[in-house]
Amino acid sequence: MDLLEYQGKQLFARHGLAVSPGRAVNTVEDAVAAANELGYPVVVKAQVLIGGRGKAGGVKLADDEAQAREHAQNILGMDIRGHTVRTLWIEHASDIATEYYASVLLDRSAKKPLVIFSVEGGVEIEQVAEESPERLIRRHPDALGGLTRAEAIEMATEGGADEDVIEGVADALTALYEVWSEEDAMLAEINPLIVTPEREVKALDAKVTLDANALFRHPENQGLSDTENQDPIERKANEEGVQYVALDGDIGILGNGAGLVMSTLDVVARAGGRPANFLDAGGGSDAAKIKQAVELILSNDAVRAVLFNIFGGITRCDEVARGLIAAFEQIKPSVPFVVRLDGTNDVEGRRLLSEAALPNVHAAKTMNEAAEMVVALAAGRAPEPAQMSS
Ligand code: GDP
Ligand code: MN
């Protein structure tokens, strides 16, 4: 679960990391009021779940009320690479002497936390990694012991932080590590971590991803998910407890089990298709559940054909077929469906489907066959008769 900058900064502040005072607002009037209250100069910052806002014109300094109003007007409603700005963060502007970089993440291959510090802040860190990897200081602290004070000092020193802020940078690194570990974050990143002319070390930006599976341990963080900016169908699905993800192609993907859904996406992509979305129907096979899944998949207008991929285990294919037939009687989908049933009672399942002779439903026996059929149907071609099977 990705947090907006200002939400990340709230977590930072909770753990003693210095951030500037600010207000989150949704209207120009509130932005101006917040700016007047905070005192000029202020920074007007777009709150969207994507980086590079500065380059896109979503971060602007304002010296007075007129400028604050102008920037708020321009940035609210702005589209930053597909993300519409609905919230602004107004913060008292900082003077910057130096920009550093700091992050903590889980290094899956090392199976350890990874702390990164660099004096090359304010630029894209990928660029630093490519052009001057020696400028990135990386440490794998012990997962149980955490980042020690000595390690943090060592990182700041080795990284080349200014002598007089070594302590301050070490404090920031240990606080950031604490955010990452105590809040169950997957990523906690500060770019830039600034040093002010008064030599204060402070987080000017925040990128935090929380582990959604650990949210139950943090009731105070549960309100942080940015449902307002989420894809509306995705939000509806999440509210109904269904795993649904929106993509930008034209083939709907429905399967039972996350692994099967992932491989279905791969197989469709290999057959030359582009998934519009995918949904994990889980273990359910009753008509109501299948109807709900089919409705969610079809609520995306871009969907031109759907691949319904079921591998029967505990869920029996004949039950799924009955559920599908019942659901189709109620919904009557207008786009073609390719249904692949394999596993427990698959022969019976396919027999039920072919007897029901649902219009616009094509049965397939294997995943590859199903993928080729659905790609052809989405492109407006009839699937090869040779590929049709009972
Ligand atoms: P990003 O572009 O999405 O990474 O957004 P940031 O929050 O990192 O802001 C982009 C850039 O705006 C920073 O790297 C700074 O150079 C500049 N900036 C942001 N806040 C301030 C501020 O308070 N004072 C000054 N002088 N510059 C700022
Ligand atoms: Mn940044």
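Bear in mind these aren't lab numbers, they're just calculated from the coordinates by the rules spelled out. It should be emphasised that the depicted structure is a prediction, and the values quoted were computed from it without experimental measurement. All Cβ positions, glycine included, derive from the backbone under ideal geometry; neighbour counts span all protein chains shown.
Across the range 80-222, the convex hull enclosing all Cα atoms gives 148 Å³ per residue.
If R0 equals 22 Å, the separation of the Cβ atoms of ASP79 and ASN26 corresponds to a calculated FRET efficiency of about 0.85.
With coordinates expressed along the principal axes, the C-alpha atoms belonging to the chain extend over 79, 49, 40 Å, beginning with the largest.
Take every DSSP beta bridge whose two residues both sit in the chain; close to 70 percent of them are antiparallel. Once the Cα-Cα distance is subtracted from the 0.36 nm per residue extended length, the ALA150 to ALA357 segment shows a gain of 67.4 nm.
A convex hull fitted to the Cα coordinates of the range 157-288 yields 191 cubic angstrom per residue. Computed extension length for GLU198-LEU215: 2.3 nm, one decimal, from 0.36 nm per residue of separation with the Cα-Cα distance subtracted. What the pair-distance distribution of the range 249-327 shows, using all Cα-Cα distances binned every 5 Å from zero, is 3, 17, 28, 25, 18, 8, 1 percent. The calculated FRET efficiency for VAL245 paired with THR157, based on their beta-carbon distance and R0 = 45 Å, is about 0.55. For the range 258-387, the alpha carbon positions stretch 31, 29, 27 Å along the principal axes, listed from largest to smallest.
In this simple spin-label model, placing a label point 7 Å from the Cα along the Cα-to-Cβ direction at both ASP142 and ALA269 gives a separation of 4.0 nm. Is the range 237-286 rounded, prolate or oblate when judged by the Cα gyration tensor, a ≥ b ≥ c being the square roots of its eigenvalues, rounded requiring a/c under 1.5 and prolate requiring a/b larger than b/c? Oblate, since a/c reaches 1.5 and b/c is not below a/b. Comparing LEU260, ALA357, ILE310 along the charge dipole axis of the range 243-364, the residue lying farthest to the positive side is ALA357, per the Cβ-charge model. Taking a ≥ b ≥ c as the square roots of the eigenvalues of the Cα gyration tensor, the range 49-92 is classed as prolate, since a/c reaches at least 1.5 and a/b is larger than b/c.
With contacts taken as Cα pairs under 8 Å and at least 6 residues apart, the chain reaches a relative contact order of 12 percent. Rounded to the nearest 20 debye, the dipole magnitude of the chain is 1700 debye, with +1 charges on Lys and Arg beta carbons, -1 on Asp and Glu beta carbons, and the Cα centre as origin. Per the Kirkwood formula applied to alpha carbons, the range 127-182 shows a radius of gyration over Rh ratio, Rg over Rh, of 1.00.
Ordered from longest to shortest, the equivalent ellipsoid semi-axes for the range 6-158 are 33, 17, 15 Å, each the square root of 5 times a Cα gyration tensor eigenvalue. The value obtained for the range 75-151, namely the Cα convex hull volume divided by the number of residues, is 190 Å³ per residue. I need the shape label for the range 281-357. Rule: rounded when a/c is under 1.5, else prolate if a/b > b/c, else oblate, with a, b, c from the alpha carbon gyration tensor. The shape class here is prolate. The residue among ALA46, VAL123, ALA156 whose Cα reaches farthest toward the positive pole of the charge dipole of the chain, with charges on the beta-carbon of Lys, Arg, Asp and Glu, is ALA46.
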